[in-house]
Structures are given as C-alpha cells and as structure tokens.
Amino acid sequence: MLPQKGIVLNRLNTPIQPNILDLIDFCKGFFILWIVYFHFNKGDGVGWQGVHPFIVFSGFGLTYSCLVKRDQEINWKQWFLKRAQRILPAYWVVCFLGLLLAIGVTAYSQESCNLRDCGLRQTMQFFLEVSFLKVLSYRTMWSLFHLDHMWFVPLIVSLYAIFPLLFKFLVAQGDITKNCIRLLCIAVLAEFFYRFLAIYLLDGFPIGYENALFGIPTPPALDSLPAWFPFQSYMPFGLFPSRIGEFVLGMFLAVAFVYHHKKLNQIFSGWMVGAGVLVWVIGCAFVYINRIGWVASDFLIALGLVLVCVNLAWISQKHSSFVFSRLSILGVWSYCVYLTHNLLKYAWFPVEERVISFLSSLPNSAPYSLILVFKTKVTMLVIFGLATLLASWLLMKFDRSKLPKWLIENTIARVLSVS
C-alpha cells in the first residue's frame with residue numbers, strides 16, 4: 001500500500017509523529033532570515049519581532065537539556081562556563097571588529113579626525129559592549145553605530161544567569177508540572193508588572209516599537225521624567241524582567257515535551273495555526289492602540305509566532321524536505337548570522353546607495369531603467385546574503401576551535417576560581 005501524500009514515514013513505513021526537537025532549528029532559521037531581511041531593509045516592517053521566539057527557544061533548550069540529566073547533579077559553575085564559551089568569545093570578536101570598522105568609517109567620513117572623534121568615543125562604546133554595561137546607559141542603550149542589534153546578547157546572558165534559580169523552583173518538591181504552571185504564572189505576572197512600571201514610571205519605550213507597521217505610528221513614550229534621570233527610553237526593556245515570561249514559556253514547553261508529549265503534539269493542527277495568527281494580531285494591535293497594550297504585547301507576539309512557526313516547520317518537514325533541511329542548517333548558524341549581519345550591512349549600504357543612485361539617475365522614459373534598478377536590488381540582496389553566510393561560517397569556525405575555551409579559561413574561569 002502506498003503512503004498517503006504529505007505523511008512523513010520512517011523506515012518501517014509508519015507515520016512519524018511531530019517532534020518539536022526536530023523543528024526548532026527550522027524555526028530559528030526562519031526567524032533569523034526574517035531579522036536579516038528586516039535590517040537589510042533598513043528597519044521597515046515587523047522584522048524586529050523575530051527576536052522574541054529566540055527567547056522562548058532559549059528557555060526550552062536550557063530546560064530540556066537539564067531535565068534529561070536530572071539523575072545527575074548539575075555543576076552550575078561548569079554549566080555557566082559552558083554557556084559562556086558558547087556565547088561570549090564570538091560576541092567579543094564581533095565587537096572588536098565593530099570597533100575597527102567604526103574607527104575606519106569615522107576617519108574616512110571626516111576630513112579632519114581628532115583622537116576623540118576617531119577613537120576615544122568608539123573605544124568607550126566598545127568597552128560598554130563587551131562588559132554589557134551598555135544596557136545601563138543613559139536614555140538609550142549606547143552602542144557602536146553598526147552594532148545596535150547587539151542589545152539582545154546581554155539580555156539572553158542575564159536570562160541564562162537567573163536560569164538556575166528558575167530551574168530549582170521547577171524541580172523542587174512536588175509535581176513538576178504543577179511547579180511549572182506556577183512558575184509560568186508568576187513569570188508572566190512579573191513581566192507584565194515590570195513592563196507597566198517601566199512604561200509609566202521610567203518613560204520606557206519597548207525595543208523595536210519605533211518601526212511603524214503599514215505606516216501606523218506607535219504612541220510615544222510618556223517622557224515625563226527630567227532629562228537628567230538616567231534610566232529612560234529603551235534601557236528598561238534591555239533587562240531580563242521585561243522578557244522573563246517569554247523565557248519561562250519556553251521552559252513550560254520543555255516540561256510539556258518531556259512529560260506530556262502527546263498533549264504537546266496537539267499544537268500541531270490547523271486550528272492552532274489560526275489561534276497563533278490571532279494571538280499575534282492581537283499582540284501587534286496592542287503595540288499600536290495604547291501604551292497599556294505594551295504591557296502584554298511582546299508576550300503575545302512571541303506566543304503567536306511560536307505557534308505559527310512550529311506548525312510551518314512541521315508542514316515543511318512533511319512536504320518539502322529541501323526547504324526544511326536548508327532552513328534547519330541556517331538555524332544552526334543563527335547565532336553567528338545574528339552577530340555578523342549588521343557589520344556587513346553598514347559596510348554594504350554606502351556601496352548599495354551609490355549604485356542605486358546612479359541607476360535611478362538614468363532617463364525614466366524607458367521602463368528598462370526601472371527594471372534594471374529592481375534587478376540590481378535583488379542581485380545586491382543575494383550578494384549580501386552570501387557575504388553574510390561566509391562571515392557567519394568563518395565565525396562558526398572560530399567558535400568551534402580551541403580558542404573560545406582558552407579565552408573563557410583565562411578570563412571568566414579564573415575570576416570564578418579566585419572568588
């Protein structure tokens with residue numbers, strides 16, 4: 001008997017049930033592609049939302065890896081060092097390259113470049129980057145001008161830092177499922193309460209909300225505090241309480257996957273896709289309707305996007321193995337792609353603008369000139385994508401070498417051993 005079309009079969013010709021572990025890399029690949037295009041397109045649209053599912057997937061991955069080793073005692077010091085080895089050295093390398101690029105661009109763009117303009121300011125911002133102190137900067141999060149997307153790394157690191165406390169609550173005495181439900185409720189309420197305070201007491205403005213959807217502007221921040229007050233604008237939303245609900249949502253999914261696998265598989269259905277789209281639309285509406293909507297908007301956006309994308313991944317796995325495998329590979333590369341793409345973007349934009357400006361100056365009497373501009377934009381997007389993949393591959397080669405381990409052993413590990 002021939003298998004039904006669209007059903008994934010194993011070697012025994014029996015249908016394979018959806019497995020969220022097999023789908024997460026696809027989701028990461030999809031969202032990193034969305035983020036890269038958003039930045040390449042100069043921040044138009046809702047591509048900024050692509051970072052939210054990564055917070056959920058981080059909570060899922062950390063919790064799942066710890067749950068499957070529950071019979072072993074976790075050495076949290078070694079756990080932190082392994083996480084640091086995976087995140088920090090590659091981040092430091094990109095920050096250093098960003099410093100060199102910032103100094104070079106500043107020197108090139110100014111006829112007379114003094115020490116302060118060409119080096120001192122960029123060096124100070126570099127140290128803010130590598131130390132994560134930029135999340136405490138005045139009003140906005142200070143950054144090298146082409147690394148403004150890097151706010152996400154300190155946020156993830158801070159969530160990793162509190163994860164042991166969250167996990168200990170999860171596996172405390174009692175039923176782990178009930179503990180997880182309690183933890184999720186507490187985390188969501190804590191996120192909403194913190195965001196309310198950030199918006200109405202700290203003049204906070206959530207990261208990414210400045211990008212209009214279909215030309216619809218978001219309400220402005222209150223801006224009621226004096227200018228000298230240090231913690232305003234984006235800063236409150238670069239700290240972990242603003243996203244802790246999304247992170248614990250990932251932990252909840254991990255517990256459901258390990259202990260209630262069949263129930264979790266109910267999210268793979270057409271009506272759940274519709275529910276995910278509805279939740280996402282409501283989250284987007286909350287962004288633009290009123291400031292009070294900002295309290296819950298990011299959590300709803302993350303939940304909706306995850307529901308939609310895991311189903312999209314399952315459909316792709318069933319119907320298009322080529323697309324599924326390629327996006328899954330991109331998902332494995334996602335961290336390196338995220339780190340490198342903005343560096344290339346700012347080096348690339350001046351070239352793109354000159355080429356497009358030249359083509360646009362051609363006589364518009366012939367439609368061929370407009371077609372040529374369009375073809376050139378598409379070609380440059382493809383070249384930019386290939387350059388990003390090359391840079392990401394080089395960074396991944398570094399990440400898989402012995403250098404990251406050596407760097408952590410001679411920095412963070414030594415500090416921890418001394419303390």
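Picking from 307, 293, 256, whose Cα lies most toward the positive end of the charge dipole for segment 227-353 (charges on Cβ: Lys, Arg +1; Asp, Glu -1)?
Towards the positive end, the residue furthest out is 256.
Using 21 Å as the Cα-Cα cut-off, could you pick out the over-long pairs in 28/318; 28/134; 345/402; 345/377; 77/178; 28/178?
28/134; 345/402; 77/178; 28/178
Residue by residue through segment 292-301, what is 3J(HN,Hα) from phi via Karplus (6.51 cos²θ - 1.76 cosθ + 1.60, θ = phi - 60°)? Round to whole Hz and write x for glycine and proline.
Working through the residues one at a time gives 4, x, 5, 4, 10, 4, 5, 5, 5, 4 Hz.
Report, by chain and number, residues whose modeled amide H sits under 5 Å from the one on residue 19, excluding near sequence neighbours (fewer than 5 apart, same chain).
Close amide H contacts, sequence-distant or interchain: none at all.
Once you have the Cα-Cα distance between residue 213 and residue 405, take 0.36 nm times their residue separation minus that, and quote the gain in nm to one decimal.
Additional length available on full extension: 64.8 nm.
Using Cβ counts within 10 Å as a stand-in for footprinting exposure, how do 218, 340 rank, fewest first?
With the sparsest Cβ surroundings first, the list reads 218, 340.
Got a sec? How would 341, 319 order by Cβ neighbour count within 10 Å, fewest to most?
In order of increasing Cβ crowding within 10 Å: 319, 341.
What is the set of long-range amide H partners of residue 212 at a cut-off below 5 Å, with H atoms built 1.01 Å from backbone N?
45
Taking H placed 1.01 Å from N in the peptide plane, check which residues at least 5 places from residue 147 or on another chain put their amide H under 5 Å from its amide H.
Excluding prolines and chain starts, which carry no amide H, there are no hits.
Taking the Cβ of each residue in 375, 405 as the centre, tally the other Cβ atoms inside 10 Å and list the residues starting with the fewest.
Ascending Cβ contact count within 10 Å gives the list 375, 405.
Residue by residue through segment 384-401, which ³J(HN,Hα) values in whole Hz follow from phi under the Karplus form 6.51 cos²θ - 1.76 cosθ + 1.60 (θ = phi - 60°), with glycine and proline marked x?
Once θ is set to phi - 60°, the couplings for segment 384-401 become 4, x, 5, 5, 5, 5, 5, 4, 5, 5, 5, 5, 5, 4, 5, 5, 9, 7 Hz.
Could you go through segment 201-213 in sequence order and give the Karplus-derived ³J(HN,Hα) for each residue, using 6.51 cos²θ - 1.76 cosθ + 1.60 with θ = phi - 60°, rounded to whole Hz, and x for Gly and Pro?
Once rounded to whole Hz, the list reads 10, 10, 6, x, 9, x, 5, x, 6, 6, 8, 6, 9.
The numbers here are math on the coordinates, done by the rules we state, and not lab data. If you're wondering where the values come from, they're calculated on a predicted model, not measured in any experiment. Note that we place each Cβ from the backbone using ideal geometry, even for glycine, and neighbour counts take in every protein chain shown.
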